[in-house]
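Read the structure below first, then the notes.
The values are calculated or read from the model by the stated rules, or taken from the named source; none is laboratory data. The model shown is predicted, which means the values in this text are computed figures rather than measured ones. Heads up, the Cβs are rebuilt from the backbone with ideal geometry, glycines too, and the neighbour counts pull from every protein chain shown. What goes into the accessible areas is simple: the full protein's heavy atoms, side chains included, and nothing from ligands, DNA or RNA. Shrake-Rupley method; radii C 1.70, N 1.55, O 1.52, S 1.80 Å.
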Amino acid sequence: QVQLVESGGGLVQAGGSLRLSCEFSGGTFSSYGIAWFRQAPGKEREFVAGTDWIGGRTWYADSVKGRFTIDRANAKNTVSLQMNTLNPEDTAIYYCAAATSWTSVYNEGTYAYWGQGTQVTVYS
């Protein structure tokens, strides 16, 4: 059974940085595309960033382009999300998700497996 465990969330001042990690287990990691989504209070869950099976292609939401970087390490079964220049609008629970195939990397329905999430709070 595939399991995803996020870590690295926390409280940070606006302008600061955090690095989230997603640890994958229970399957062949290199067979899965991985994405990060987030959900802010009172809002729908939204796509943040994604990477294909080998990390050769990446995708980002417009709101995080140039500030966030997704990176996968297949040898370690992990995907990280480096978040720089954070602002209060980035406050949300961040989820890691995995899929063996996708029609749209941006669509949460694509992903069969989800982690429990990690809280990121940015204060001004």
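Only one of these conditions is not met by GLN119: (1) surrounded by fewer than 17 Cβ atoms within 10 Å (Cβ to Cβ); (2) in a strand (DSSP E or B); (3) free of Cβ contacts under 8 Å to residues at least 60 places away in the same chain. Which number is it?
Answer for GLN119: the failing condition is (3).
Can you tell me which condition ARG57 does not meet? The list is (1) basic (Lys, Arg); (2) surrounded by fewer than 15 Cβ atoms within 10 Å (Cβ to Cβ); (3) closer than 23 Å to LYS43 by Cα, and all the others hold.
(3)
Considering every residue within region 16-28, establish whether at least one is small (Gly, Ala, Ser), in contact with a Phe, Trp or Tyr (Cβ under 6 Å, 6 or more places away or on another chain) and in a strand (DSSP E or B).
Step one: filter region 16-28 for residues small (Gly, Ala, Ser), giving 16-17, 21, 25-27.
Those left that are additionally in contact with a Phe, Trp or Tyr (Cβ under 6 Å, 6 or more places away or on another chain): none.
Scanning region 16-28, I find no residue that is small (Gly, Ala, Ser), in contact with a Phe, Trp or Tyr (Cβ under 6 Å, 6 or more places away or on another chain) and in a strand (DSSP E or B), so the answer is no.
Pairs only if they're at least six apart or on different chains, beta carbon under 8 angstrom, first in region 73-87 and more than 14 Å from GLY9 (Cα to Cα) and without any contact (Cβ under 8 Å) to a residue 24 or more places away in the chain, second among the β-branched types (Val, Ile, Thr) and outside any loop (DSSP other than H, G, I, E, B); list them, first residue then second.
ALA73/VAL79
Of the residues that sit in region 60-99 and are among the acidic types (Asp, Glu) and open to solvent by 10 Å² or more (accessible area, probe 1.4 Å), which one is farthest from THR118 (Cα to Cα)?
Of region 60-99, the ones among the acidic types (Asp, Glu) are 62, 71, 89-90.
Now narrow it down to the ones that are open to solvent by 10 Å² or more (accessible area, probe 1.4 Å): 62, 71, 89.
Details: ASP62: 22, ASP71: 18, GLU89: 16 Å.
So the residue we want is ASP62.
In region 82-103, how many are of a type in the set (S, T, N, Q), closer than 16 Å to ARG72 by Cβ and not in a strand (DSSP E or B)?
Initially, region 82-103 is screened for residues of a type in the set (S, T, N, Q), giving 82, 84-85, 87, 91, 100-101, 103.
From what is left, the residues that are closer than 16 Å to ARG72 by Cβ are 82, 100.
Pick out the ones that are also not in a strand (DSSP E or B) and you get 100.
The total comes to 1.
Regarding GLU46, is this residue without any contact (Cβ under 8 Å) to a residue 24 or more places away in the chain, closer than 15 Å to GLY117 by Cα and under 14 Å from the mean Cα position of the chain (by Cα)?
On the way: without any contact (Cβ under 8 Å) to a residue 24 or more places away in the chain: yes; closer than 15 Å to GLY117 by Cα: yes; under 14 Å from the mean Cα position of the chain (by Cα): yes.
For GLU46, the condition - without any contact (Cβ under 8 Å) to a residue 24 or more places away in the chain, closer than 15 Å to GLY117 by Cα and under 14 Å from the mean Cα position of the chain (by Cα) - is met.
Can you find a residue in region 22-33 that is of a type in the set (Asp, Glu) and under 13 Å from ASN77 (Cα atoms)? Step through it out loud before you land on a result.
Applying the first criterion (of a type in the set (Asp, Glu)) to region 22-33 yields 23.
Still in the list and also under 13 Å from ASN77 (Cα atoms): 23.
Within region 22-33, one or more residues are of a type in the set (Asp, Glu) and under 13 Å from ASN77 (Cα atoms).
Got a number for residues in region 1-15 being over 15 Å from the mean Cα position of the chain (by Cα) and either part of a loop (DSSP other than H, G, I, E, B) or basic (Lys, Arg) (or both)?
Going residue by residue through region 1-15, those that are over 15 Å from the mean Cα position of the chain (by Cα) are 1-2, 11-15.
Checking which are either part of a loop (DSSP other than H, G, I, E, B) or basic (Lys, Arg) (or both) leaves us with 1-2, 14-15.
Number satisfying all stated conditions: 4.
When both residues are 6+ apart or on different chains and their Cβ atoms are under 6 Å apart, which pairs have a first residue that lies in region 5-20 and is open to solvent by less than 30 Å² (accessible area, probe 1.4 Å), and a second that is modelled with pLDDT under 95?
Partner pairs satisfying both residue conditions: none exist.
Considering region 24-43 alone, what residues qualify as being farther than 20 Å from LYS65 by Cβ and surrounded by fewer than 17 Cβ atoms within 10 Å (Cβ to Cβ)? Please lay out each step first, then the result.
Of region 24-43, the ones farther than 20 Å from LYS65 by Cβ are 24-32, 41-42.
SER25, GLY26, GLY27, THR28, SER30, SER31, PRO41, GLY42, listed by residue number.
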